[in-house]
Amino acid sequence: RLDSWAANDWPVITLIASFGSLMAYIYSAPPLKLKAEGWLGTYALGSSYIALPWLCGHAMFSASTITPQEVVLTVLYSIAGLGIAIVNDFKSIEGDRALGMNSLPVAFGIDTAKYICVASIDLTQLGVAAYLYAIGETTYAAVLFGLVLPQMFAQLTFIQDPVANDVKYQAAAQPFLVFGILCTALAIGHHTF
């Protein structure tokens, strides 16, 4: 019904939603149980935070205008989503270890995982800002860069003790990440490819 309402020529929204449902199932259910698979499971979760909602939202307005650049950016932004998923894994590290879940904090330890986490979040956004700058969207690039700075500031507390500071970090930093995604979407919508 949403595809009809959005006047899509083919059921893009239905396909994206179905793919998201499949990812949710295989993330938790055997035999694949992606949650237990470290990088793969964490990226699958990160992409469900970023790429699937972005593409589904765009498809609500006009699926035919989704560009390859937009798909690449959502896949890249899903690396930042991987970082967010790692933040969520810190609070369940003991349970994951006991259940044999190979989350990144279990696989690499807290100290390494916290740096993987912040690096994936920061480097993704800085890379996207550089891309926006390179295609001439300098104002959007500057705004995105500015939105990364408070996240980095919040990470100073987070990396001291990611288990104790995970919720505080998400509350302080995640709104800036989301505004950065919005900034990127506006830049891509504004740019003529």
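The values are calculated or read from the model by the stated rules, or taken from the named source; none is laboratory data. Note that the coordinates shown come from a computational prediction; the quantities given were computed from them, not determined experimentally. Glycine also receives a Cβ, built like all others from the backbone with ideal geometry; neighbour counts cover every protein chain displayed. What goes into the accessible areas is simple: the full protein's heavy atoms, side chains included, and nothing from ligands, DNA or RNA. Shrake-Rupley method; radii C 1.70, N 1.55, O 1.52, S 1.80 Å.
Of the residues V178, V128, V163, V148, which is without any contact (Cβ under 8 Å) to a residue 24 or more places away in the chain, β-branched (V, I, T) and either in a helix (DSSP H, G or I) or over 30 Å from F61 (Cα atoms) (or both)? First the steps, then the outcome.
Details: V128 fails: without any contact (Cβ under 8 Å) to a residue 24 or more places away in the chain; V163 fails: without any contact (Cβ under 8 Å) to a residue 24 or more places away in the chain; V148 fails: without any contact (Cβ under 8 Å) to a residue 24 or more places away in the chain.
Of V178, V128, V163, V148, the one residue that is without any contact (Cβ under 8 Å) to a residue 24 or more places away in the chain, β-branched (V, I, T) and either in a helix (DSSP H, G or I) or over 30 Å from F61 (Cα atoms) (or both) is V178.
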Within region 174-188, the residues that are open to solvent by 50 Å² or more (accessible area, probe 1.4 Å) and not β-branched (V, I, T) are Q174, P175, F176, F179, L182, L186
Residue list for region 67-83, filter: among the β-branched types (V, I, T) and either over 21 Å from G127 (Cα atoms) or at pLDDT 95 or above (or both): I79
For the list (1) touching a Leu at 6+ places or on another chain (Cβ under 9 Å); (2) closer than 20 Å to G180 by Cβ; (3) surrounded by fewer than 19 Cβ atoms within 10 Å (Cβ to Cβ), I need the number of the one condition that T112 fails. (2)
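Give region 139-173 a look and list any residue that's hydroxyl-bearing (S, T, Y) and open to solvent by 40 Å² or more (accessible area, probe 1.4 Å), or say none. Step through it out loud before you land on a result.
First pass over region 139-173, keeping only residues hydroxyl-bearing (S, T, Y): 139-140, 157, 169.
Scanning region 139-173 gives T139, Y140, T157.
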Among the residues of region 90-109, is any under 10 Å from the mean Cα position of the chain (by Cα) and either free of Cβ contacts under 8 Å to residues at least 12 places away in the same chain or part of a helix (DSSP H, G or I) (or both)? no
